[in-house]
Structure formats: structure tokens, C-alpha cells
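Worksheet for the structure shown next.
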Amino acid sequence: MDAFWIFLARKFPDWELSWALAHAGNKKLVQGILKAEPDWLGLVDRDEWTSDELTQRQRDTPNLLVLPRFCLESYLIDPAELWAAFPEKQRLKVPGGEETLRNALLLEKARWVRHAALWHVINPLWGKLRALGFKDGVLDSNRIPDDGRLLEALKSWHDFLDAQKVFAEFQTRLAEVQALDEQTLFARWLYAKNFYPQVVHRELDKLLGQKPARGRRLALFKTRSVPDDLIFVWQHMGLMQ
């Protein structure tokens, strides 16, 4: 939420005359609040939601806005955007300039790309499995299954979790992610909630000198440009003419 305080203050100094910001919790909580308060706006991370899921969620909750990137930390992991955010005195500390920064952040690219592919296969799989009634479908004390229904439920789970099918889907998704341009990879696919602290913050400690994690995060949000892909948020808030 700190990032939006920073971005709004820079672009619209009087924004607080019309709006208040609050952290509401996870996506489910946000959607529940928005349905009860149709005049409010809610912004959530995109995470693993597909385009079809986004369309359905926003059809059900018109005042729900979805971040165009994987999560908020995705605004702090792209080497080009980070380099543009560095003041000149910081750039002078990095021998080799932007290329050195880029190489440092991409040193373990293959591992993070593999994780991204897994994330976008396994998380939707869990959601679909729950839709089949796992595990609540057999643990409802009001509808305890007999042997026949129990075996039927277990078989449906088994058929759905076909190992070769899931593995093939993972391989297909991995090839797709490996083929992405780096800007799209950093914006939409890498698990930035971990990539930022585990890679970006660690490497910036090495290149620029150690700094508390929260302090660096705020400093980067203050010096990076206000992202163009957030214009739709300002428009929904009625802040742009």
C-alpha cells in the first residue's frame, strides 16, 4: 500500500480529498467487501489468474481492479526499470552499469522461470481440485458419503491428478515462459514476492551497500517512475481529466 501512497502523492497531490486507502487482506476478503460496498474500488494482485478468470471475476464484481502485473513487487524487479530509478550517485557505484545489474539479477533466471511455470500450473490445479469437492466433499458431517460415493470421489480425484497429464502441461507452460521477452517475464510471470527479497534486494546490497529491506523498497518506489500501466486505476478513481 505504501507504493500507492507514493504514486498518488506524486501524480495527484489532492487525491486524499476524495479517497482513502486501506489494506483489506486477501482477494476473497476484497471481493466480499466490494460486493457490500459498490461505490468502493478494490485493487488486487493478478497472481496466477488467467484472462478468462479475470473477465469472470470482474463481471461478478465490477468495482474490482486487478493489477496488470503479477504483484506489487513486480514493479521493483525489472533491471531496466530499476536502473532508471537509480540516482546518479548510485549508478556510479556499479562498474559496468546497467549490464552488470541485469546480469546479477538474471544469474539464476532458469530456476525462477521453472518456478514461474510451476506456479501457473499447480495453483490453478489446486483450485480445480477443490471444485471437484476435495476435500470438503467427503468431510461434510451432514453428508457423510457411503462406500460407493466415497470411491467415486476418490476416483475423480485420481483421474484429475493424472501425473503424465500434469507433467505435460508443465512442460508446455515452461516452454512458453522460456520464450517470453524479459519485460513480460518480469512483469507478469516471475513470483516477485520472493524474487524481490531473495534476488533483487540481495544483489543491491552487494552493488550499492547494505540497507534495511523496507527502507530500500520505499526508496525505490520513490525514485522509480510512476508506472504507465496504472493509468486505468487513476481513471477509475476519477483523478484524470
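Couple of notes before you dig in:
- Using a Gaussian network model of the chain in which every pair of alpha carbons under 10 angstrom is joined by a spring, one finds that among Glu152, Glu203, Glu108 the greatest mean-square fluctuation is at Glu152.
- Given +1 at the Cβ of Lys and Arg, -1 at the Cβ of Asp and Glu and no other charges, the dipole of the chain around its Cα centre is 740 debye to the nearest 20.
- Between the residues His115, Gln90, Met237, the greatest Cα displacement towards the positive end of the dipole of the chain, with unit charges on the Cβ of Lys, Arg, Asp and Glu, is found for Gln90.
- Helix 27-36 axis, angle to the chain major axis (alpha carbon atoms, nearest 10°): 90 degrees
- With Cα atoms defining each centre, the stretch 46-83 and the stretch 184-201 are spaced 13 Å apart in the structure.
- The percentage of C-alpha pairs in the stretch 59-104 whose separation is greater than 17 Å is 48%.
- Tensor-based shape of the chain (alpha-carbon gyration tensor, a/c under 1.5 rounded, otherwise prolate or oblate): oblate
- Helix 51-60 and the longest principal axis of the C-alpha atoms of the chain enclose an angle of approximately 80°.
- Order of Leu92, Leu185 under a 10 Å beta carbon neighbour criterion, fewest first: Leu92, Leu185
- Reach of Lys211 by Cα under 12 Å, taken over aspartates and glutamates that are not fewer than 8 positions away in the same chain: Glu203
Every number here is computed from the coordinates shown, using simple stated rules; none is lab data. Just so you know, these numbers come straight off a predicted model, no measurement behind them. Positions of Cβ are backbone-derived with ideal geometry, glycine not excepted, and every protein chain shown enters the neighbour counts.
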